[in-house]
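Written out below as C-alpha cells is the structure these notes cover.
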Amino acid sequence: MKARTCLAIVLAAGEGTRMHSARPKVLHAVAGRSLLAHVLSAVAEAGIKATAVVIGPGQDDVAAEAKRVLPAAATFVQRQRRGTAHAALAAKVAIERRPDDILVVYGDTPFIRPATLKRLRTPLAAGAAVAVLAFRPSDPAGYGRLITSGDELIAIREEADATARERAIDLCNGGIMALAGNSALAILKRIGNHNRKREFYLTDAVEIARGMKLRAVAVEVEEDDVRGINTKGQLAEAEAVAQQRLRKAALDAGVTLVAPETVFLSADTKFGRDVVVEPYVVFGEKVRVEDGAVIHSFSHLVGAHVGKAVSVGPFARLRPGTRLGDGARIGNFVEVKEAVVEAGAKANHLSYIGDAVVGADANIGAGTITCNYDGSAKHRTEIGKDAFIGSNTALVAPVKIGDGAYVGSGSVITENVPARALALGRGRQVIKEGWAARLRVHKPPGKKKLPSKQ
Ligand code: UD1
Ligand code: CA
C-alpha cells in the first residue's frame, strides 16, 4: 500500500496575551529552544514532508525561526486573529493540494512527540474524518472538554462556553487534531463563530463532521505530551518537566550528574562517555562535551565544543564559538569566546580569551586579557604552541605570539612576538630606598618622620 501523504499545519499566529510579553508566544523558550522549534522538530521527525506555519501579521521573527528550524516549511499569514479554525484556513492553498492526512498542531505545545503525531493519524487510515488528541490534565482550567459516547467523540466544548456539568469532564483537548484530507476543507469552511468569544473554533470540527455523517474519535495520551503553554507559570512548569527529562536522558546515557536537580541542560546538549558534571552548571544551546571531560561547579556554557578529558571551571564561562582541544584546562573566572584553545593548553585563572587561537600546550597566566575590541571592530589574537604568557598580560589585538615565545608578566603586547623570543612589554621597575614613608601622607601630622635625604 502507498504511504499516506500528510500536511502539518502549525498554528503560531496567536499574540500570547496571557504571557504579558512583547515577544510572540511561540518564540519563548523551553530547554533553550523556542516552543515553535520543538513543535517543528517533532513534525519533521514524524516524517511529515509538507509543513505550513501560520503566523500573525508582522511576525517576521516567527517566520525566520520557522525557516531556521525547517527550511522547507511554508509560512502563511493570518491577517486577523479570528480563532484556530480561521488560522488553519490561512493555509487553504496547502489544504487544497489534498494530502491524505492533515495534522493541525498548535505552536504552544512543545512536548508533542513524533510517535504521538503518527498515532493520531492511524484512525484516519481506518476511515475517521477527525481524530483529536485527548488527555486528563491535573488542572483542566482553560482546556476544551471532550464530550464522548463510548469510543465516539461527540463534541468539544471550550471552557468559556461549557455548562457546569461539561466543565466537570476531566478529558480535555490536547490541541492537536488530525483531519482526513478529503473532507477537511468542507468541514473547516462550515465552522462558524457562534460562541462567547466570537471566534472560529477548530474544535467545532467534531460536531460538524458528525453532522456530515463522518466519524470523530479521541486518542488519549499523557499530560506531559500535550502540555499547552499560555502563561509564564505554565512556561516554568514546562521547563521543569523538560529539565527532568533531559537530566534523566543524560544519566541513562552514562553522564555523571552529581546533583542532577541543579544542572540545566538544553534540548541539544550532547555528551560523550564518562563525562562528569558537578552541581550548578548551565548548558545553553549547542554544547558538545566529549569523553572524560569534567565540568566543575558554577560554569556556564553556550555554543561550545569541549574536547576529551578537558577540565572546565569552577566558575568558567564558555561562550559561542569556543572549541577546547583534548586535555585543555579552563579554570576559575575564565571567559572564552569565539576561540580555539588547542590540545593541552591551559588558562587556569581569571582570563578573557576572545577571537583567538591558543596553540597546543600554551600556558595563559592569570589575568591575561585579549584586548579584542577597539571600540568599533573586533580583532584576532594568535598564540603559538608552547607559548608562555605571563600573568596580567594585555594582548592588544590584532597580535601574534609565535610558537614557544615567552611574554613577561604584566606586559602590554601591541606588536607581534617572534617564535621563541622573550617579550617584556612593561616599564622598568624603579627602586627608591626608604621612600615608602614619604608616601604615607595620610598619617596625622606630628607623628610623621621623614628619612633624611640620601
Ligand atoms: C486551544 C483549544 C482547546 C485546547 C487547548 C490545548 C480551540 C478553540 N481551543 O485553546 O480546546 O484544550 O488549545 O492547548 O482551539 N492561534 C492562531 N490564530 C488564532 C488563534 C490561535 O494562530 O486566531 C494559535 C495560537 O498561536 C496557538 C494555538 O493557535 O499556538 C492555540 O491557540 P490558543 O489561544 O492558545 O488556544 P487555547 O485557548 O489554549
Ligand atoms: Ca494554548
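Nothing in this text is a laboratory measurement; each read-out follows from the coordinates by a stated rule. Bear in mind that the values here come from a model prediction, so they are computed numbers and not experimental data. No Cβ is skipped: glycine too gets one built from the backbone with ideal geometry, and neighbour counts run over all protein chains shown.
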Notebook entry, point to check: R113 label point, 7 Å along Cα→Cβ, cut-off 20 Å on backbone N: hits in segment 136-155?
Noted result: 136-138
Checklist line | Residues with amide H under 5 Å from that of V77, placed H, sequence gap 5 or more | finding: I55
Notebook entry, point to check: Relative to the first principal axis of the alpha-carbon coordinates of the chain, what is the inclination of helix 60-69, with its axis defined by its Cα atoms, in degrees from 0 to 90 and to the nearest 10?
Noted result: 80 degrees
Next item on the list: State, in angstrom, two size descriptors of segment 93-139 derived from its alpha carbons: Rg to one decimal place and Dmax to the nearest whole number.
Entry: 12.5, 39
Check: What is the set of long-range amide H partners of D386 at a cut-off below 5 Å, with H atoms built 1.01 Å from backbone N?
Finding: A360, D361, A362, G404
Check: Average projected area of the Cα convex hull of the chain, in nm²?
Finding: 32.8 nm²
Check: Quick one: Cα centre-to-centre distance for segment 56-106 and segment 357-398, in angstrom?
Finding: 49 Å
Next item on the list: Find the Cα radius of gyration of segment 87-227, compare it with 2.2 N^0.38 Å by division, and give the number to two decimals.
Entry: 0.97
Item checked: Size-normalised alpha-carbon gyration radius of segment 205-260, reference 2.2 N^0.38 Å -> 1.85
Check: Rounded to the nearest 0.05, what FRET efficiency do L439 and T256 have when you use their Cβ-Cβ distance and R0 = 41 Å?
Finding: 0.15
Next item on the list: Would you mind computing the Rg to Rh ratio of segment 268-381 from its alpha-carbon coordinates, Kirkwood style for Rh?
Entry: 0.95
Margin query: Testing the spin-label approximation: label points 7 Å from Cα along Cα→Cβ at N416 and K189. State their distance in nm.
Written below: 7.3 nm
Notebook entry, point to check: Of M19, M212, M177, how do they rank once you tally other Cβ atoms within 10 Å and put the fewest first?
Noted result: M212, M19, M177
Check: Computed on alpha carbon atoms, what radius of gyration and Dmax characterise segment 39-91, expressed in Å?
Finding: 11.2, 31
Notebook entry, point to check: Which ³J(HN,Hα) values, rounded to whole Hz and listed in residue order, are derived for segment 322-331 from phi using the Karplus coefficients 6.51, -1.76 and 1.60 in 6.51 cos²θ - 1.76 cosθ + 1.60 with θ = phi - 60°, glycine and proline given as x?
Noted result: 7, 10, 10, x, 3, x, 5, 10, 10, x
Next item on the list: Starting from the Cα coordinates of segment 218-317, work out the convex hull volume and express it per residue in Å³.
Entry: 106 Å³
Checklist line | Structure-based [θ]222 nm, the chain - -39500 (n - 2.57) summed over DSSP H runs of at least 4, per residue, nearest 500 | finding: -5500 deg cm²/dmol
Checklist line | Equivalent ellipsoid semi-axes, segment 346-422, via Cα gyration tensor eigenvalues times 5, rooted, Å | finding: 17, 13, 11
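If neighbour count is taken as other Cβ atoms inside 10 Å, put D108, D386, D224 in order from fewest to most. Mind dumping the intermediate values first?
Working: D108 25, D386 19, D224 14.
Starting with the residue having the fewest Cβ neighbours, the order is D224, D386, D108.
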Check: Can you work out ³J(HN,Hα) from phi for every residue in segment 391-406, in order, using Karplus 6.51 cos²θ - 1.76 cosθ + 1.60 and θ = phi - 60°, giving whole Hz and x for Gly and Pro?
Finding: 4, 6, 9, 9, 9, 8, 6, x, 7, 10, 10, x, 4, x, 6, 10
Check: Can you run phi through the Karplus equation (6.51, -1.76, 1.60; θ = phi - 60°) for segment 137-148 and list ³J(HN,Hα) in whole Hz, with x for Gly and Pro?
Finding: x, 5, 10, x, 4, x, 8, x, 9, 9, 9, 10
Checklist line | Cubic angstrom per residue, convex hull over Cα atoms of segment 343-388 | finding: 57 Å³
Notebook entry, point to check: Expressed as an acute angle from 0 to 90° and rounded to the nearest 10, what is the orientation of the C-alpha long axis of helix 232-252 relative to the principal long axis of the chain?
Noted result: 70 degrees
Next item on the list: Using a cut-off of 12 Å between beta-carbons, work out the net charge of the residues near P114 (Lys and Arg +1, Asp and Glu -1, P114 not included).
Entry: +2
Check: Between E285 and residues 5 or more places away or on another chain, which pairs have amide H atoms under 5 Å apart, with H built 1.01 Å from N, and which residues are they?
Finding: G303
Check: Once the Cα atoms of helix 181-190 and of the chain are each reduced to a long axis, what angle between those two axes, in degrees from 0 to 90 to the nearest 10, is obtained?
Finding: 80 degrees
Notebook entry, point to check: What net charge is computed for the residues neighbouring A343, neighbours being all others with C-beta under 10 Å from the C-beta of A343, Lys and Arg scored +1, Asp and Glu -1?
Noted result: -1
Item checked: Charge dipole of the chain about the Cα centre (unit charges at C-beta), most positive-ward option of I208, V226, P110 -> P110
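How do Y143, Y280, Y373 line up, fewest other C-beta atoms within 10 Å first?
So the ranking, lowest neighbour count to highest, is Y373, Y280, Y143.
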